[in-house]
């Protein structure tokens, strides 16, 4: 075959160049596939969606003026979690979360730091979800920033 004869006369250097070309093409194809997968993954992450909590109680955090400030969720058993989400635009600093029981008792749940981009805080719930009536968020300076009531 004419192509075979020409290939035999190219020499080792030409064969190495040809092999390098295939390697570079393979790496380029792999990089393109990885970039596509990463782009797809980031588009899924960046898509604004409501959080889904299976079997959770979710309540809106509202400022004393009634503006939305975030959300509070308590997941179901076997190990209930308390999830607090603060919207972007909140004053940066340390926030303290207090939980209210259906009997009127208030319990300190914890403190977390919030930046200008908002924040998310997750702990094990200090009380069973059935006993939880609401949450209160106290911001930097000791003033109540927001509260939520579970229905």
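Looking at 93, 115, 103, 119, which is the one that is at pLDDT below 90 and farther than 22 Å from residue 56 by Cα? Step by step, each of 93, 115, 103, 119 is checked, and only 115 is at pLDDT below 90 and farther than 22 Å from residue 56 by Cα.
Within the range 78-107, the residues that satisfy the criterion of being in contact with a helix residue (DSSP H, G or I) (Cβ under 8 Å, 6 or more places away or on another chain) and either surrounded by fewer than 19 Cβ atoms within 10 Å (Cβ to Cβ) or not assigned by TED's automatic domain parsing to the domain that holds residue 133 (or both) are 101, 102, 103.
The values are calculated or read from the model by the stated rules, or taken from the named source; none is laboratory data. Not measured: the values here are computed from a predicted model. Here the Cβ is made from the backbone with ideal geometry for all residues, glycine too, and neighbour counts use every protein chain on show.
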